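This report concerns only the one structure given below.
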Amino acid sequence: KRYFANMKINIISVGHKPPKWIDEGYKEYLKRFSRKLSVSLTEIKSAFRIGDVDKNHAARKIEKERILSKSHKNALLIVLDENGVTTTTPELATLLKNLMNEGRNIDFAIGGADGLDPDLKKMASKTLSLSAMTYPHALARLILIEQLYRAQCIIENHPYHRE
């Protein structure tokens, strides 16, 4: 069954000025999406940290507010976290297809160096993990957009994804 509604996906990522190869890879996948799936990237400036670790989590609270200010009204908030639920690409495709059929949009939130604020995680509809490993936030956004493209290919029976 084909999906009906156009979907907007906003990837909200803490951190800006990624390495050039990340930016180029992200832009390459961005060009590949069909008109049914609109993907955008919103970069959030990291909050100031004192020392290597944000011990009092003040920076994460500031970043939470910045993320929320860029999220779309009525969009489903999905946060990426190493402790989230791991999912397969076909499961991601099913999630996207179901949300498209419901006419829903998605905001994905990717945290910075210290992760996401616990209150933001509680607000999220879903918490997903890209892997049991931890990735730099810039690499996580590249992996996410590739997986979203792959999920779209599964939905459209495009040969990019092979099983």
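The values are calculated or read from the model by the stated rules, or taken from the named source; none is laboratory data. Quick caveat, the model's predicted, so the values are computed rather than measured. All Cβ positions, glycine included, derive from the backbone under ideal geometry; neighbour counts span all protein chains shown. The protein model used for the area step is the full one, side chains on, heavy atoms only, and it has no ligands, DNA or RNA in it. Shrake-Rupley method; radii C 1.70, N 1.55, O 1.52, S 1.80 Å.
Among residues of the range 13-25 that are aliphatic (A, V, I, L, M), those with a beta-carbon under 8 Å from a residue that is assigned to a helix (DSSP H, G or I) and surrounded by 11 or more Cβ atoms within 10 Å (Cβ to Cβ) at least six positions away or on a different chain give the pairs V14/E63; V14/R66; V14/I67; V14/H137; I22/A138; I22/L139; I22/R141; I22/L142. Checked against (1) open to solvent by less than 40 Å² (accessible area, probe 1.4 Å); (2) modelled with pLDDT under 90, L148 passes all but condition (2).
Annotation: of all residues in the range 26-35 being in a helix (DSSP H, G or I) and either in contact (Cβ under 8 Å) with a residue 24 or more places away in the chain or of a type in the set (S, T, Y) (or both), the one that is least open to solvent (accessible area, probe 1.4 Å) is Y26. Just to be sure, is L144 of a type outside the set (G, A, S), farther than 27 Å from K73 by Cβ, assigned to a helix (DSSP H, G or I) and in contact (Cβ under 8 Å) with a residue 40 or more places away in the chain? Taking the combined requirement at face value, the residue does not satisfy it.
Among residues of the range 107-129 being aliphatic (A, V, I, L, M) and open to solvent by 60 Å² or more (accessible area, probe 1.4 Å), the one that is farthest from T42 (Cα to Cα) is M123.
Restricting attention to the range 54-90, and to residues there that are open to solvent by less than 80 Å² (accessible area, probe 1.4 Å) and part of a loop (DSSP other than H, G, I, E, B), which single residue is modelled with the lowest pLDDT? This residue is D54. The residue of the range 96-106 that is nearest to I155 (Cα to Cα), among those that are open to solvent by 20 Å² or more (accessible area, probe 1.4 Å) and in contact (Cβ under 8 Å) with a residue 12 or more places away in the chain, is K97.
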